[in-house]
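First comes the structure, then the notes that go with it.
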Number of protein chains: 4
Amino acid sequence: MNQVINAMRKRVCDANQSLPKHGLVKFTWGNVSEVNRELGVIVIKPSGVDYDELTPENMVVTDLDGKILEGDLRPSSDLPTHVQLYKAWSEIGSVVHTHSTEAVGWAQAGRDIPFYGTTHADYFYGSIPCARSLTKDEVEVAYEKDTGLVIVEEFEHRGLNPVEVPGIVVRNHGPFTWGKNPENAVYHSVVLEEVSKMNRFTEQINPRVGPAPQYILEKHYQRKHGPNAYYGQK
Amino acid sequence: MNQVINAMRKRVCDANQSLPKHGLVKFTWGNVSEVNRELGVIVIKPSGVDYDELTPENMVVTDLDGKILEGDLRPSSDLPTHVQLYKAWSEIGSVVHTHSTEAVGWAQAGRDIPFYGTTHADYFYGSIPCARSLTKDEVEVAYEKDTGLVIVEEFEHRGLNPVEVPGIVVRNHGPFTWGKNPENAVYHSVVLEEVSKMNRFTEQINPRVGPAPQYILEKHYQRKHGPNAYYGQK
Amino acid sequence: MNQVINAMRKRVCDANQSLPKHGLVKFTWGNVSEVNRELGVIVIKPSGVDYDELTPENMVVTDLDGKILEGDLRPSSDLPTHVQLYKAWSEIGSVVHTHSTEAVGWAQAGRDIPFYGTTHADYFYGSIPCARSLTKDEVEVAYEKDTGLVIVEEFEHRGLNPVEVPGIVVRNHGPFTWGKNPENAVYHSVVLEEVSKMNRFTEQINPRVGPAPQYILEKHYQRKHGPNAYYGQK
Amino acid sequence: MNQVINAMRKRVCDANQSLPKHGLVKFTWGNVSEVNRELGVIVIKPSGVDYDELTPENMVVTDLDGKILEGDLRPSSDLPTHVQLYKAWSEIGSVVHTHSTEAVGWAQAGRDIPFYGTTHADYFYGSIPCARSLTKDEVEVAYEKDTGLVIVEEFEHRGLNPVEVPGIVVRNHGPFTWGKNPENAVYHSVVLEEVSKMNRFTEQINPRVGPAPQYILEKHYQRKHGPNAYYGQK
């Protein structure tokens, strides 16, 4: 068990440290976690600690409800959001939250990020949803937990599959992405940020632009993720 | 006394040198100071000196009225603005002025920076004010001093607390921020710049966007700064 | 033959690795190839391999129809597009495809990139076309090959010379450029990206702007590329 | 004489190499020159040579009409523009031309860069003019020389002083700046680029913004450049 958790600590530490390298965070404004449901553990960044001070050793280990098992530091304050996503979606292995600038632009604007092209279709099977703002009660009672519940509600309400649409922006807040492991979840954060920028440009250049054809979405998503995927090696 | 002032010199030098690292300045377009009211001293960047030529030793030390006590170099020409903020607000320990691009965008546009999301709420308790342009008399008689007075007037007029709203943009000019120490005041400059950019994107993506709910402002500000703050360590 | 192909491998590897240095790609989102029609070979990036893992040795060598001759790795999935461009245009020696942000903005907006100034005229003799989206059939039957055919069709339909207009954006997708060799084709990708950005700014600053005069296009293009070119050395 | 010219070669080489460091150029898209009217020489960048291949030795030395005196390389093709500015304005010692992105945005938009704030006023005494496009005849007969003449004409027509307004954008082309020496002229290029960006943001945030008050222009320009200047050291 120790070895498996140590490997998780390493992956989570590396993924957190990749956030500033990808230009997704300032200061300590983002966190990555990984879950192992068989062992019943989540590994997550400690709260408010600079990325260059992170080590595998100072990652925080909690149970599946977010109760600390190992570590002297407090976990990221967003942990309860991660917990809810792991509870709702057994298919995902890692969650990322940042305040990356372009994605926050859409979150604050309260708009879904439309499907305009193939960069989007390569990783997100359809428009990227913007979840509603939390209500006063939700914010006051259990803010971070309720953020997770609102995200899950949005996916259920729209009938979306979190494996096919690995991210969302939460209104007035910012982006959350997920994936099969920390590296993959961070990858989706980079895509979400880049598509947010591309789409801002697109609407500026052509304010009357409409979504791209559905069959392009189908093709590009499937050539990378479908049963007959042929992008990349093997 | 010498030791305390030397520590101030070091902090002020470091904070000034962090400005280009954060992308907030070009050439010599920004300055940081720190005050110690018990010792009756202000330490500030020398005027027009490149950031990479700054040392703790060439910082300028003045009294609380801005009269030079130590140093062969002229202090930043904006010193009288810093002096007025220190006189008006005993709670603040450091002031920063820059011409950072995105914040200047709002200053030149003559608009308050609206509260659209949690990145903002984490550090600024409400919209970030834009102070009026100085009058002809104010500019001609005591320009830099009057800039400070106009900032203080704006806060009094609006009933704002400088600890809760640690920054402003001055119309046709640019941003000023402050904090308990130089590192903290620079942090607020980074936040102000980032929020200025996020909000420009937000209005571009949704020109009819309105402010975020007040209870989100309350929650996010308090979880970092309230009596029961739970962000970060301890 | 081996020596010539080895030199191609080196040039193609170098050109692919220059893409992230020019800020044109994230992750593995771009590829460069070179053709030698006498030897009947194309050298191209392997699919989905990181730029810093590329070596001349792991480039993929195919015949002029894209059938693998040398290499253990799969070629870029966009190879059939490159093949069609090489078949149609005997004047070009290299093709580049990226998802560079600004050019994708125009591709997703479905607009030609207008001729507004001399930066454009120095390398593109007239507006840079936006090719139509592929039809459902084209996408489903032979997507990458059909992308090449649609590009060639667009040039024929408009009577454009691919040497004079060394690039295009494909609607809902992104930019393709070409040139006499890999370095030159990448150069055109940089120009296309930069002009895409300049023109976005231009329309933002003056929404009613019209194209620049034709005689400026003539002059700038010819002073670099005409029989009496006088830019540069020799 | 040799020593003076060698010092010029060094300054011109350094200033040219600073252009990419300031983010003002891609590839070889910019050039700096310096004049010495007593010696009757101009030193300028060779045409089309990469910045990292520049040395003081490969700078080109010409007479005041642009005839080559020393050097095996061709001078920048824009040399005739530099020559005309030196002939018209005896107060200036150096000229810079680039295709910097934000300034080109205004040049292509065909608009003067308005005076909106103090960053502008610190270096440009009033709005930065946009010169008209050249006529067909001007382009065809003596393009680069006529570019210089059109710039001078614009200043005469508007009654502007090139010392007080050290730069311009030429319609459909890009920015030219000047100064007392190469470092100073490049400085003005950086300011022009930064103000171009700030002003684009400003109009985006407030489309109905008007110019800043004239007395702010007066104050900020004079505190840096007037007889009683008090910015900087000494």
Subset of the stretch A:32-51, residues open to solvent by 10 Å² or more (accessible area, probe 1.4 Å), touching a residue at least 40 places away in the same chain (Cβ under 8 Å) and touching a Leu at 6+ places or on another chain (Cβ under 9 Å), comes to A:Val35, A:Arg37
If we keep only residues of the stretch B:187-201 that are under 18 Å from D:Asn206 (Cα atoms) and either open to solvent by 10 Å² or more (accessible area, probe 1.4 Å) or without any contact (Cβ under 8 Å) to a residue 60 or more places away in the chain (or both), then the residue farthest from the other protein chains (Cβ to nearest Cβ) is B:Glu193
Within the stretch A:2-24, the residues that are hydrophobic (A, V, I, L, M, F, W, C), open to solvent by 20 Å² or more (accessible area, probe 1.4 Å) and within 17 Å of the chain's Cα centre (by Cα) are none
Just to be sure, is B:Gln204 polar (S, T, N, Q), crowded, with 16+ Cβ neighbours inside 10 Å, without any contact (Cβ under 8 Å) to a residue 24 or more places away in the chain and not in a strand (DSSP E or B)? yes
| Quick one: is B:Leu24 in contact with an Asp or Glu (Cβ under 9 Å, 6 or more places away or on another chain), part of a loop (DSSP other than H, G, I, E, B), of a type in the set (A, V, I, L, M) and modelled with pLDDT of 95 or more? | yes
Return yes when C:Tyr221 is out of contact with any Phe, Trp or Tyr (no Cβ under 8 Å at 6 or more places or on another chain) and open to solvent by 10 Å² or more (accessible area, probe 1.4 Å) and no when it is not. no
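Per-residue answers, yes or no, for (1) over 24 Å from D:Glu102 (Cα atoms); (2) of a type outside the set (A, V, I, L, M):
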{"position": "D:Ala15", "(1), (2)": "no, no"}
{"position": "D:Val32", "(1), (2)": "no, no"}
{"position": "D:Asn36", "(1), (2)": "yes, yes"}
{"position": "D:Lys45", "(1), (2)": "no, yes"}
{"position": "D:Thr55", "(1), (2)": "yes, yes"}
{"position": "D:Asn58", "(1), (2)": "yes, yes"}
Inside the stretch C:140-166, the number of residues satisfying the requirement of being crowded, with 24+ Cβ neighbours inside 10 Å and at positive phi is 0
All-but-one check, D:Val170 against (1) β-branched (Val, Ile, Thr); (2) surrounded by fewer than 19 Cβ atoms within 10 Å (Cβ to Cβ); (3) within 13 Å of another protein chain (Cβ to nearest Cβ), failing number (2)
For the stretch C:224-234, the count of residues that are at the interface with chain D (Cβ under 9 Å from one of its Cβ atoms) and open to solvent by 40 Å² or more (accessible area, probe 1.4 Å) equals 4
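Matching residues to (1) in contact with an Asp or Glu (Cβ under 9 Å, 6 or more places away or on another chain); (2) in a helix (DSSP H, G or I):
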site	(1), (2)
B:Glu154	no, yes
B:Glu164	no, no
B:Lys197	yes, yes
B:Val209	yes, no
B:Leu217	no, yes
B:Tyr231	yes, no
Over the stretch D:99-122, the set of residues small (Gly, Ala, Ser) and in contact with a Cys (Cβ under 9 Å, 6 or more places away or on another chain) is D:Ala107, D:Ala109, D:Gly110
Any hit, the stretch B:178-186, residues being within 11 Å of chain A (Cβ to nearest Cβ), touching a residue at least 60 places away in the same chain (Cβ under 8 Å) and among the polar types (S, T, N, Q): no
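The values are calculated or read from the model by the stated rules, or taken from the named source; none is laboratory data. Everything numeric here is computed off the predicted structure, so don't read it as measured data. Positions of Cβ are generated from backbone atoms using ideal geometry, with glycine treated the same way; all protein chains shown enter the neighbour counts. In case anyone asks, the SASA skips ligands and DNA or RNA and just uses the protein heavy atoms, side chains included. Shrake-Rupley method; radii C 1.70, N 1.55, O 1.52, S 1.80 Å.
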